[in-house]
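The values are calculated or read from the model by the stated rules, or taken from the named source; none is laboratory data. Since we're looking at a predicted model, the values are computed, not measured. Cβ placement follows ideal geometry from the backbone for every residue including glycine, while neighbour counts extend to all protein chains displayed. Accessible surface is based on the protein model in full, side chains and every heavy atom, while ligands, DNA and RNA are left aside. Shrake-Rupley method; radii C 1.70, N 1.55, O 1.52, S 1.80 Å.
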Amino acid sequence: MRYDTVLFDADDTLLDFKTSSDEALAKTLARLGLPFAPGDAQAYDEINLALWRQFERGEIDKDFIYPERFRRFLAPRGLAGRAEEANEFYMLRLAEGGYRMAHSEEVLQRLYGKCGLYVVTNGDTAVQVGRMGRSGLLKYLSGNFISEQLGCKKPEPAFFDRVFAAIGEEKRKSAILVGDSLSSDMQGGRNAGVATCFLGPREQADSRCDYVIGDLLELPAILGLPAET
């Protein structure tokens, strides 16, 4: 096989974050006595993504993201003062969302026993553990590495140094990182010295992507597994 160690991002790679987030946001707004109006999800997503990008660049701490995203989101509604309450409720509901990305279980089943399969994520520990558990995917994984537990984050080299210290440094040379984020996953792979596989539109890929796939079903061929007969 070309690669026998696969590091998967969690959100929007194995787990469907968008569906879980939209559902949690709707429940949060209902708790605040607000309707879930058209455009709310996009507005929240843009605020949240911008803050996570700042976190990846080392400009802010993770703890700042959680209430701040709701302060910005709720400010136009005059409810910025309830940001911490909103975030706490949202996180609890988000942890309940074990939705999977298309073909994620099918591909993990195919790779199970042939490759070492690991998750590498910057998400909140309680949320990610809850969602992975509800997804039914944990049984295929040899490890689940969360930045909050490691004390460093993707794309920092230290994050991956700690991953490989745990799973075996010798695995680095035959590892590939699969994810949907250029700034976190693809840059992280570059920093770690491992191959990268971008899950997303080909037109968005850049030089940090060794491979590009539009569907996880394309991954086994990249790893060097023979086609199923």
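Dividing the convex hull volume of the alpha-carbon atoms in segment 96-146 by its residue count gives 68 Å³ per residue.
In percent, how large is the relative contact order of segment 1-153, given Cα pairs closer than 8 Å and 6 or more residues apart? Let's see the in-between values first.
Details: 192 pairs, mean separation 47.7, N = 153.
RCO, segment 1-153: 31 percent.
The GNM of the chain, with springs linking C-alpha atoms under 10 angstrom apart, assigns the highest mean-square fluctuation among Gly98, Gly136, Gly33 to Gly33.
Compute the longest continuous run of the chain that contains no exposed trypsin sites (Lys or Arg not before Pro); treat a site as exposed when its DSSP state is not H, G, I, E or B and it has at most 11 other Cβ atoms within 10 Å. Please list the in-between numbers first.
Details: sites that count: Arg2, Arg57.
For trypsin sites (Lys or Arg not before Pro) (loop position, at most 11 other Cβ atoms within 10 Å), the longest site-free span of the chain is 58-229.
When the chain is treated as a GNM with alpha-carbon contacts under 10 Å, the residue of Leu14, Leu177, Leu217 showing the greatest mean-square fluctuation is Leu217. The HN-Hα couplings worked out from phi for segment 77-91 by the Karplus form 6.51 cos²θ - 1.76 cosθ + 1.60 (θ = phi - 60°) are 9, x, 10, 4, x, 9, 4, 5, 4, 5, 5, 4, 5, 4, 5 Hz, whole numbers, x standing for Gly and Pro. Only beta bridges with both residues in the chain are counted; by DSSP, about 5 percent of them are antiparallel. Report the far tail of the P(r) of the chain, meaning the percent of Cα-Cα pairs longer than 29 Å. The share of Cα pairs beyond 29 Å in the chain comes to 27 percent.
In the P(r) worked out for segment 90-209, what percent of Cα pairs fall beyond 26 Å? Tail of P(r) above 26 Å: 19 percent of Cα pairs. Alpha carbon centre of segment 13-28 versus segment 186-229: separation in Å? Cα centroid to Cα centroid, the span is 24 Å.
In order along segment 192-206, phi translates into HN-Hα couplings of 8, x, 10, 5, 10, 9, 8, 9, x, x, 4, 5, 8, 5, 9 Hz, rounded to whole numbers, per the Karplus curve 6.51 cos²θ - 1.76 cosθ + 1.60 with θ = phi - 60° and x for Gly and Pro. The simple Förster model, with R0 at 30 Å and r as the Cβ-Cβ distance, assigns Arg172 and Ala80 a FRET efficiency of 0.10. Largest to smallest in accessible area, the residues Glu218, Glu56 fall in the order Glu218, Glu56 (1.4 Å probe, all protein chains included).
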